[in-house]
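Scroll down for the structure; my scribbles are underneath it.
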Amino acid sequence: MTTVSSTTKFARRDLLKGGGALIIGFSLSGQGAAPAGPVPRGSVAGPPDAAAVDTWLALHADNTATVYCGKCELGQGNTTGLLQIVADELDMEMRQLTYAALDTNITPNQGATSSSSSIHRGAPQLRAAAAQARDVLLQRAASRLGVQSGSLVVDKGVVSIDGNPSRSVTYGQLLGDRPFNVKFAGSAPLKPASRYRLVGTSVPRIDIPDKVAGKYTHMQHVRLPGMLHGRVVLPRGQRAFGAGAKVVSVDEGSITSIAGARVVRKGDFVGVVAEKEWDAVRAAAALKVTWATPPVLPGNVGLFERMRAEKTTDTVIADWGKVDEAFDKAVHVRSSQYRCPYQGHMPFAPNCAIADVGTDGALVMSSTQDVYNARSMLAQVLDLPVNKVRVKYHEGSGTFGRSCYEDAAQAAAILSQAVAKPVRVQYMRWDEHGWDNYGPAHLAEVKAGIDANGKLIAYEYHGWQHGWTVTSSVLDIALEKPGRERAGGSGSITVNPQSTGSMYAVADRRVISHAVPMAGYLRGAALRSPLDLSFAFASEQTIDELAIAAGLDPLEFRRRNIGDKRWLAVLEAAAKAANWQLSVSGSRRSNAEVVSGRGIGLGTHHVSYGAAVADIEVNKRTGVIVAKRLFGALDCGLTVNPGLVENQIVGQMIQSVSRILKEEVQFDGTGVTSLDWNSYPVLRFAEHPDVVPIVVQRLEEPSTGAGEEVMGATAVAIANAFFDATGVRLRQYPMTPARVKAALSNAPS
């Protein structure tokens, strides 16, 4: 295990206050150094001034730079892409730049690293700050060299007159280790795409060498001197949202045989600490807790009927034209209901955090995707002022969306505050699985119609789902206010208009979102590409059914109806890569035991464009579906690093295969029963399909999201391929062997 070196040099009080690089005062006006200079990074709580160049960039005397941004590395490679942007604006090399980890005392607040936002929404401020820095440096270089700035060229951070090395100065000589003391408002000119050297190229990821060599410090590797080990104590599997985990009694005597083990309670939160990790694990297992009887959940069997019967809060997402009249005119109409499950984040290594809480402040290290929001919640749990809490980010096991990282951090903080020592908490597998913040279930009813020419003339989508809460289960339980829905509550998720027919030129379209109250269901939160697999699974299967009704190949049908050239471009790119051959879906099925099928689909998350083709095999005897080969095309505007986006497409498609074929949270009337990899299976390495990623580069367009936008298309391409292979529709996923065999046995002969 790795001990963080920056923490071993300081006393506990210094650990809470210290950190960061020293930056001394400097005046660009030539009036001499400022009397006091800025406060060193790390000494005060952030966020720093977003309008200051120094918030985003620090230049060093050795002609290197540290880049500060509000987006964290989750394994998607965004730190590499963001450095490419800065390097291009500054005319520096990648090897000259270092990316600072998120820290509420150091890095700016750019919100959560989520929603495919790192490049889309994280880069513009960083690019503007780098452009302003370059403008300032060129002015200083011109003054130093006695020329107009227009005659200067920059290469690797060396400013020269027409490339003459004898008349040059480095950035480090101009400013090294001193602040810019300059504000910016985006007025400095940005480089045009035609002058990019690094942006648009597949620069290798900066984090991979250490990860391959086993040198990378993940959160699970971090240790502090003198720390204790902690574990949470919870019922096996969460209860209905709103019920929390109400404690009736705790028998602390049940762990007296474990030397040094101690029980900590705060509200209904129960945890244990011990000097040795195994003792903490044993104490958590042995502690006798009586829990109150929870309210009844619908369970898997009654879930969708209960959702459909709820009194909902309805939102009109789209209502264009005269939909009812258009359906009356349609030659062919297809409609059906689709059922989509709860799914979990399920990181391979359960979440982990370390907290060191003293009387004058707290330091918490965790894998949060939003250090500033984490700080706010920790302040609530600890009853401390926000500016007394410092949160430092360490990458954990891969997870996209809101898994239990906040829960682990808050549990560690509660335990540390109680015992006045640093405490490390790692969730057990059953805690991670059973108390995850699940991606909500979804019920869809879709109806669409075409005219005699195969043109889509009417479309209607109704979706039922509950929302999510932005607090953690630990915060709710500890403060004894369980079941709080914040930031919109059940209204925080609505049906995505981008994934429900928007890619087609249909004048008469209606999309209605039905928000189900969250109380009485499972805890919901963001999961990678939230609900987009469900939207595409329902919408794009309906589109395929209309193609069959029109006697058209599904690719040709979409070509006729797409209303946006960028949607058409990704569709054509995926089809070309797959060497798509025109035929009506289902026309190639046979009586063989193992049959093959091919499907196509469109989908997205926010504003990018995704298309997929899937080749699958179905064993009709066993019901097993195997995804053999996938082709995914993505248009995310200006692709900063095509290699990173290709990796993202591969990861998205493999995860989509797992989710569409295998993953479903199991629960009964009491609570969640999916507590391990047997009850919540995921795709194994040996089951991974071959994936062909295609990036549709658009240098002239703004960069948009690239981390989620092919997932829905992949899911429905597999569903459409299943029909092509069998002539049967599956309207519920995951498409498990049991559901496959039931659907085939019930199909008309």
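The values are calculated or read from the model by the stated rules, or taken from the named source; none is laboratory data. Since the structure is predicted, the reported quantities are computational estimates derived from the model, not experimental observations. Note that each Cβ is placed from the backbone with ideal geometry, even for glycine, and that neighbours are counted across all protein chains shown.
What the table shows:
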quantity	calculated
Residue tally, condition out of contact with any helix residue (DSSP H, G or I) (no Cβ under 7 Å at 6 or more places or on another chain) and either in contact (Cβ under 8 Å) with a residue 60 or more places away in the chain or farther than 18 Å from Leu90 by Cβ (or both), over the range 157-172	6
Of all residues making up the range 565-584, the number that are over 19 Å from Ile694 (Cα atoms) and within 34 Å of the chain's Cα centre (by Cα)	0
The lone exception for Leu228 - which of (1) surrounded by 19 or more Cβ atoms within 10 Å (Cβ to Cβ); (2) under 22 Å from Arg140 (Cβ atoms) it fails	(2)
Tally of residues being of a type in the set (Lys, Arg) and within 17 Å of the chain's Cα centre (by Cα) across the range 362-386	0
Asp91 being at negative phi and either modelled with pLDDT under 95 or not assigned by TED's automatic domain parsing to the domain that holds Glu395 (or both)	no
Condition met for Ala261 (more than 29 Å from the chain's Cα centre (by Cα), under 30 Å from Asp356 (Cβ atoms) and crowded, with 16+ Cβ neighbours inside 10 Å)	yes
Number of positions in the range 321-346 that are outside any strand (DSSP E or B) and touching a residue at least 24 places away in the same chain (Cβ under 8 Å)	14
Test set (1) farther than 28 Å from Leu97 by Cα; (2) modelled with pLDDT under 95 - Tyr216 fails condition number	(1)
Number of the condition not met by Glu540 [criteria: (1) over 30 Å from Leu699 (Cα atoms); (2) touching a residue at least 60 places away in the same chain (Cβ under 8 Å); (3) assigned to a helix (DSSP H, G or I)]	(1)
Residue in the range 691-705 that is farther than 19 Å from Ser115 by Cα, in the same structural domain as Leu533 (by TED's automatic domain parsing), touching a Phe, Trp or Tyr at 6+ places or on another chain (Cβ under 6 Å) and surrounded by 19 or more Cβ atoms within 10 Å (Cβ to Cβ) present	no
Test for Asn619: is it more than 19 Å from Val199 (Cα to Cα) and without any contact (Cβ under 8 Å) to a residue 12 or more places away in the chain	no
Close pairs from the range 295-320: first closer than 26 Å to Val511 by Cα, partner of a type in the set (Ser, Thr, Tyr) and not in a loop (DSSP other than H, G, I, E, B), Cβ under 6 Å, at least 6 apart	Thr315/Ser513; Ile317/Ser513
Matching residues in the range 685-741 - criterion: being under 20 Å from Leu74 (Cβ atoms) and assigned to a loop (DSSP other than H, G, I, E, B)	Ser703, Thr704, Gly705, Ala706, Gly707, Glu708, Glu709, Val710
Of all residues making up the range 54-110, the number that are in a helix (DSSP H, G or I) and farther than 24 Å from Pro642 by Cβ	3
Matching option when the condition is modelled with pLDDT under 95 and crowded, with 20+ Cβ neighbours inside 10 Å, among Gly302, Gly271, Gly244	Gly244
Single residue of Arg236, Arg205, Arg197 found to be surrounded by fewer than 16 Cβ atoms within 10 Å (Cβ to Cβ) and within 28 Å of Gln76 (Cβ to Cβ)	Arg197
3 or more residues of a type outside the set (Lys, Arg), modelled with pLDDT of 90 or more and closer than 28 Å to Thr542 by Cα: qualifying strands (runs of 3 or more DSSP E) within the range 379-495	442-450, 456-466
Members of the range 558-592 that are of a type outside the set (A, V, I, L, M), touching a Phe, Trp or Tyr at 6+ places or on another chain (Cβ under 7 Å) and part of a helix (DSSP H, G or I)	Asn561, Arg566, Trp567
Single residue of the range 377-417 satisfying the filter (closer than 19 Å to Gly267 by Cα and without any contact (Cβ under 8 Å) to a residue 12 or more places away in the chain) that is surrounded by the fewest Cβ atoms within 10 Å (Cβ to Cβ)	Asp383
Any hit, the range 305-319, residues being among the acidic types (Asp, Glu), more than 28 Å from Leu730 (Cα to Cα) and in a loop (DSSP other than H, G, I, E, B)	no
Condition met for Ser534 (in contact with a Cys (Cβ under 8 Å, 6 or more places away or on another chain), modelled with pLDDT of 90 or more, surrounded by 21 or more Cβ atoms within 10 Å (Cβ to Cβ) and not hydrophobic (A, V, I, L, M, F, W, C))	yes
Single unsatisfied condition, Ala142 versus (1) in a loop (DSSP other than H, G, I, E, B); (2) without any contact (Cβ under 8 Å) to a residue 24 or more places away in the chain	(1)
Looking only at the range 347-367, and only at residues there that are assigned to a loop (DSSP other than H, G, I, E, B) and at pLDDT 95 or above, the one that is surrounded by the fewest Cβ atoms within 10 Å (Cβ to Cβ)	Pro350
The lone exception for Ala101 - which of (1) among the small types (Gly, Ala, Ser); (2) buried (at least 19 other Cβ atoms within 10 Å of the Cβ); (3) at pLDDT below 95 it fails	(2)
Inter-residue pairs, beta-carbon under 8 Å, first touching a residue at least 12 places away in the same chain (Cβ under 8 Å) and in the same structural domain as Val657 (by TED's automatic domain parsing) and in the range 587-613, second assigned to a strand (DSSP E or B) and of a type in the set (S, T, N, Q), 6+ apart	Arg588/Ser596; Glu593/Asn619; Val594/Asn619
When residues of the range 135-178 are limited to those that are more than 38 Å from the chain's Cα centre (by Cα) and at positive phi, the one modelled with the highest pLDDT	Gly146
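Results for (1) surrounded by fewer than 23 Cβ atoms within 10 Å (Cβ to Cβ); (2) among the hydrophobic types (A, V, I, L, M, F, W, C); (3) out of contact with any Phe, Trp or Tyr (no Cβ under 7 Å at 6 or more places or on another chain); (4) touching a residue at least 24 places away in the same chain (Cβ under 8 Å), shown as yes or no for each residue.
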position	(1), (2), (3), (4)
Pro40	yes, no, yes, no
Val44	yes, yes, yes, yes
Val53	no, yes, no, yes
Thr66	yes, no, yes, yes
Gly70	no, no, yes, yes
Glu93	yes, no, yes, yes
Ile106	no, yes, no, yes
